[in-house]
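To keep things clear, I will list the structure first and then write my remarks on it.
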Amino acid sequence: MKKYLAEFIGTFWLVLGGCGSAVLAAAFPEVGIGLLGVSFAFGLTVLTMAYAIGHISGCHLNPAVSIGLCVAGRFSSKELFQYIVAQVLGGIAAAGVLYLIASGKDGFSLSGGFASNGFGEHSPGGYGMVAALVAEVVMTMMFLFVILGSTDKRAPQGFAPIAIGLCLTLIHLISIPVTNTSVNPARSTAVAVFVGDWAVSQLWLFWVAPIVGAVLGALVYTFIGSEESA
């Protein structure tokens, strides 16, 4: 249970920190942090939690990551369902807290998107479904590749959280204009539950694409990173 609680808290922090920065601070009058700030916020949530709970649960914070690690043989399939449930619930809890905070300001409306992921008219840059699908698959694939490589026993020890956090930052710098960046079904589900409507109807892509990308990343790293092929 401690592992699942750690994943709950870690995903709570990721959604509150990442989506919270997008909703509350990205366009704050005159001193908004913008896309750069939001990108770093997401990266910092993973970096800080990796050091805080990495030794407890592995700090997945993401169903796609858990599935990718399972495919790569780094995580037991026996705990996969419980991890995913804990991650999704942690994300929804954070979105609930964020809603309570954000709705305390006059004029707040969920019609602004509430940091939801989307494509077509709901993409920040107006990118279509195919572009969104490709972006989410490729970004998640590279995320898993970096996760597996930086946590490999042959890699420099103690620096994995930094590499993983900066990788997530870079992913957001690239893809926020395309989909508002998911690469994490729990993060997408958390805010979509509150927005409903289009956010829920498009949610399928932000489960399918990250999972496909995670599996591809796991397979690619397993192939080129195995000691036999080194």
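The values are calculated or read from the model by the stated rules, or taken from the named source; none is laboratory data. Since this is a predicted model, take the numbers as computed values, not measurements. Heads up, the Cβs are rebuilt from the backbone with ideal geometry, glycines too, and the neighbour counts pull from every protein chain shown. Heavy atoms of the whole protein, side chains included, go into the accessibility calculation; ligands, DNA and RNA do not. Shrake-Rupley method; radii C 1.70, N 1.55, O 1.52, S 1.80 Å.
Annotations for the structure displayed:
- Label point distance in nm, F108-V220, each placed 7 Å from Cα along Cα→Cβ: 3.9
- Cα-only Debye scattering, the stretch 29-161: base-10 log of I(q)/I(0) at q = 0.14 Å⁻¹: -0.86
- Choice from G54, G128, G107 with maximal GNM fluctuation in the chain (Cα, 10 Å cutoff): G107
- Placing unit charges on each Cβ (+1 for Lys and Arg, -1 for Asp and Glu) gives the chain a dipole about its Cα centre, and among T140, G32, W198 the Cα reaching farthest toward its positive end belongs to T140.
- Solvent-accessible area, 1.4 Å probe, carbon plus sulfur percent, for the chain: 71
- Electrostatic bookkeeping for A160 treats Lys and Arg as +1 and Asp and Glu as -1; over the other residues with beta carbon under 14 Å from its beta carbon, the sum is +2.
- Cα gyration tensor, the stretch 83-230 - rounded (a/c under 1.5), prolate or oblate: prolate
- Accessible surface computed residue by residue for the stretch 136-230, with neighbouring protein chains in place and a 1.4 Å probe, gives 42 Å² per residue.
- Other residues whose C-beta falls under 13 angstrom from the C-beta of M129 contribute a net charge of -2, scoring Lys and Arg +1 and Asp and Glu -1.
- Probe 1.4 Å - accessible area at K105, Å² to nearest ten: 130
- Whether the stretch 71-128 is rounded, prolate or oblate, judged on the alpha carbon gyration tensor where a/c under 1.5 counts as rounded: oblate
- Solvent-accessible surface of the stretch 20-119, averaged per residue with a 1.4 angstrom probe and all protein chains in place: 46 square angstrom.
- Nearest-20 debye value, the stretch 1-108 charge dipole, Cβ charges on Lys, Arg, Asp, Glu: 360
- The charge dipole of the stretch 109-230, taken about its Cα centre with unit charges on the Cβ of Lys, Arg, Asp and Glu (plus for the first two, minus for the last two), comes to roughly 180 debye.
- Counted charge near F206, where neighbours are those whose Cβ lies closer than 11 Å (Asp, Glu -1; Lys, Arg +1): 0
- For the stretch 193-209 versus the stretch 10-57, the inter-centroid distance based on Cα atoms is 21 Å.
- A Gaussian network model of the chain, with springs between Cα atoms under 10 Å, assigns the largest mean-square fluctuation among G217, G118, G158 to G158.
- Relative contact order %, the stretch 4-134, counting alpha carbon pairs below 8 Å whose residues are six or more apart: 33
- Every helix of 4 or more DSSP H residues in the chain counts as -39500 (n - 2.57), and over all residues that averages to -22500 deg cm²/dmol at 222 nm.
- Around the Cα centre of the chain, unit charges on the Cβ atoms of Lys, Arg, Asp and Glu (plus for the first two, minus for the last two) sum to a dipole of about 460 debye.
- If R0 is 25 Å, the Cβ-Cβ spacing of D152 and W204 corresponds to a FRET efficiency of close to 0.15.
- Annotation: F42 carries an accessible surface of approximately 10 Å², with a 1.4 Å probe and no ligand, DNA or RNA atoms counted.
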